[in-house]
Amino acid sequence: MTQARDSQTEANLYQAQIKDGVPPEKHKVPFRNIRDLLSLHSKTSGGKPFLIFYDADGGRQLLTYAEFSARAHQAANFMYEDLGLRRGDRVATIAYNHIDTVLIYFACWVIGAAVAPQNVAEDDRRIAFILRNSEAKVCFARTEYLERAESIIGGAVDDDGAPNIEALIEIGGAPSGRCLNFHQALANRPTTYLGGDSGAKSGDLPLKEGTAATASLDDEALLVYTSGTTGTPKGVILSQYNLLVDAQAISQWQGITGNQRMMCVLPIHHVNGIVVTIMIPLYVGGSTVLNRRFSVSRFWERIVREGVNVVSVVPTLLQFLIEFGQGELAAGNTIFGGSIGRRDLSHFRHLICGAGTLSVKLARQFSEMFGFTLLHGYGLSESTCYSCFLPISLSWESNQRWLLDHGYPSIGCPIESNEMAIFAADGSGRQLGEGERGEICIRGHNIMQGYFKRPDANAETFTFQWFRSGDEGYFLRDEMGRQFFFITGRIKELINRGGVKYSPLDIEEALLGIEGVNVGLAIGFQNDYYGEEIGAYVVLEAGAKVEEETILARCREVMPFEKSPKAVVFGNEIPVTSTGKYQRLKLQDLFAEWENTQFRR
């Protein structure tokens, strides 16, 4: 690690990476690095499909383990020989879900370099900051974004630009001649990596004189940036071990094995898409179906065609699937589209759901319409990906009780790679008991290596030797003594009305109980009398007509006046992150006209 930290913060972070007394250097995975795992599968199951890709037009491409490994090593040789990349360097990508993107990730990991993937939906200034802050040496950009990348790097949108980027590489399309083209550069490259040592397992060529040793589990693998709505984004450093140990724990919890197939519909610039539906199939020797983007009309059809067993989604996609099912029923088809029936989906096991706010109403609607198990879970980039799930062993009835009967859908129990607890939200380090609300905290082998070049954030986040999530929650125990956790909102999004703090999720459950309301968000807005007041941002169901007075009155029937919304703004669009999390803070300005209003009963 090349960033300076004070010794106390370093010690606190190290303690936060210990699980049940086992320190992080006692690796729980039986591989030297990600390349070792890939090489194993390419030798023992070389003809087995690893990556199946569907482009935006429905075109299909398949790579076996042997084919994928060969191409990843070709890309690694290009990076090492032509681009001069070495172990510990960083590589940025401005791309989308594609086989090429996955190959670039793995080529970096073969070398021991780290990937800093960019979200193309972000504004150019934010991307410029991330490129600059990441200290990436090379940027790979898809042809569609090449001109945009040149503008960002050159400083046209931000005077500082990204002068650290030494080379811009074009991905896809016919070579433009403006810079090196990824596919053109891979032609006739060797399929074994020439830059690193081989070891007995890999069987690659010997280490070249003067080159660095092969990557280790402790090398950086990802530098992903938080998607907060305020302030500069923070870079989360994840090691190769972080990725593998979280994939191991999730696959064990979910019962995912090498004879199963997963599907990725989430963006792979985010840890959810990378870890759940790329690293897990790799870890167990399974297969993954990568989609260019989520398509509600092709979702079930693709699951049937490819024999998909498990898919990872966010709550927003559940809503889209429900609306699609309703439309198909109205057209005389099945809820899955056309003539697809439940028997066609007999191989399908369950959906993983997390990374956004799942309401009780949405969980109930999806369960009632489709009847498939939702394994609701929770995690953050800082904990690599998921940290807990509802147990796969629960009966349908028990799963539904934990989803529907407690006011919030439970996010389940901690997976093997980490442990979880609730601490007082004031940062005092006081641990709370069953049913008490506080800050969700995590420690274990999947905890990040720290925030990049942010000693202030590291000191605050690890102040009492646990990772502090910033999320409010609590836990309840079942008859077996297991802790089932619940998330009640972001601590920074709690609405502070006159010194009393209210969770937006509490209020939103009341809003969603009103007939005709499709989405209801509780927004804390500035108010001269109470510091903050409570507003409701409402998106109605198609064709519904609900007045503001009705919404306010219904809320006051189930909540005290102080906790109920005082003003309603109707809209059609909701700002969300790339993983479907609602960005409530971006809606505060819509309530500016009530800043000077004193609301009375």
| task | Bin width 10 Å, alpha-carbon pairs only: give the P(r) of region 388-533 as whole percents, running from 0 to the bin holding the largest distance. | result | 10, 33, 34, 19, 4, 0
| Cα axis of helix 34-44 to longest principal axis of the chain: angle in degrees, 0 to 90, nearest 10? | 70 degrees
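Pull out the extension gain between K501 and R477, defined as 0.36 nm times the separation in residues minus the alpha carbon to alpha carbon distance; nm, one decimal.
Working: separation 24, 0.36 × 24 = 8.64 nm, distance 2.54 nm.
Gain on stretching K501 to R477: 6.1 nm.
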| note | With R₀ set to 35 angstrom, the calculated FRET efficiency between the beta-carbons of K453 and L186, to the nearest 0.05, is 0.60
| message | Using only the alpha-carbon atoms, what does region 503-601 span along each of its principal axes? Please give whole angstrom values in decreasing order. | response | 34, 30, 22
| remark: Residue-normalised 222 nm signal for the chain, counting each DSSP H run of n ≥ 4 as -39,500 (n - 2.57), nearest 500 deg cm²/dmol, is -8500 deg cm²/dmol
| Reachable aspartates and glutamates from K563, criterion Cα separation under 13 angstrom, eight or more residues apart if same chain | D506, E508, E509, E532, E533
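Considering the convex hull of the alpha carbon atoms of region 226-291, report its projected area averaged over all viewing directions, in nm², one decimal.
Values: hull surface 19.9 nm².
Result: a mean projected hull area of 5.0 nm².
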| request: Return one quarter of the surface area of the convex hull spanned by the alpha-carbon atoms of region 317-470, equal to its mean projected area, in nm². | output: 11.3 nm²
| query | List the aspartates and glutamates whose alpha-carbon lies under 14 Å from that of K234, not counting same-chain residues fewer than 8 positions away? | reply | E135, E382, D456, E460
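Whenever you get a sec, compute what percent of the accessible area on region 492-576 sits on carbon and sulfur atoms (1.4 Å probe).
Details: 1740 of 3880 Å².
Its accessible area is 45 percent carbon and sulfur atoms.
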| query | In terms of Cα to Cα distance under 13 Å, which aspartates and glutamates are near enough to K26, apart from those fewer than 8 places away along the same chain? | reply | D218
| Inter-probe distance in nm under a simple model that places probes 7 Å from Cα toward Cβ, at S295 and R178 | 2.8 nm
| note | So, with points 7 Å from each Cα along the Cβ direction, the K43-R364 label distance in nm works out to 5.6 nm
| query | Once label points are set 7 Å from the Cα along Cα→Cβ at both A56 and E593, what is their separation, rounded to one decimal in nm? | reply | 3.8 nm
| field | Rg and Dmax [Cα atoms of region 269-311; Å; Rg one decimal, Dmax integer] | value | 10.8, 30
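Say R0 is 45 Å: what FRET efficiency, to the nearest 0.05, do A11 and A331 get from their beta-carbon distance? Can you show the working numbers first?
Working: r = 62 Å, r/R0 = 1.38.
The formula returns an efficiency of 0.15 here.
Which value in Å does the Kirkwood hydrodynamic radius of the chain take, with 1/r averaged over all unlike C-alpha pairs and then inverted?
Details: mean 1/r = 0.0396 Å⁻¹.
Here the Kirkwood hydrodynamic radius works out to 25.2 Å.
Take the cross-link list K19/K361; K137/K586; K19/K43; K19/K492 and give me the ones stretching past 30 Å between alpha-carbons. Numbers along the way, then the final one.
On the way: K19/K361 35 Å; K137/K586 33 Å; K19/K43 33 Å; K19/K492 28 Å.
Exceeds cut-off: K19/K361; K137/K586; K19/K43.
Ignoring ligands, DNA and RNA, what accessible area per residue does the chain give at 1.4 Å, in Å²? Don't jump to the answer; show the numbers that get you there.
On the way: 22930 Å² over 601 residues.
Value returned for the chain: 38 Å² of accessible area per residue.
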| query | Ignoring ligands, DNA and RNA, what percent of the 1.4 Å accessible area of region 339-401 is carbon and sulfur? | reply | 47 percent
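The values are calculated or read from the model by the stated rules, or taken from the named source; none is laboratory data. Owing to the predicted nature of the structure, the values given are computational and were not obtained by experimental measurement. Glycine gets a Cβ as well: all are built from the backbone with ideal geometry, and neighbour counts include every protein chain shown. Note: accessible area is taken over every heavy atom of the protein model, side chains too, but ligands, DNA and RNA are not part of it. Shrake-Rupley method; radii C 1.70, N 1.55, O 1.52, S 1.80 Å.
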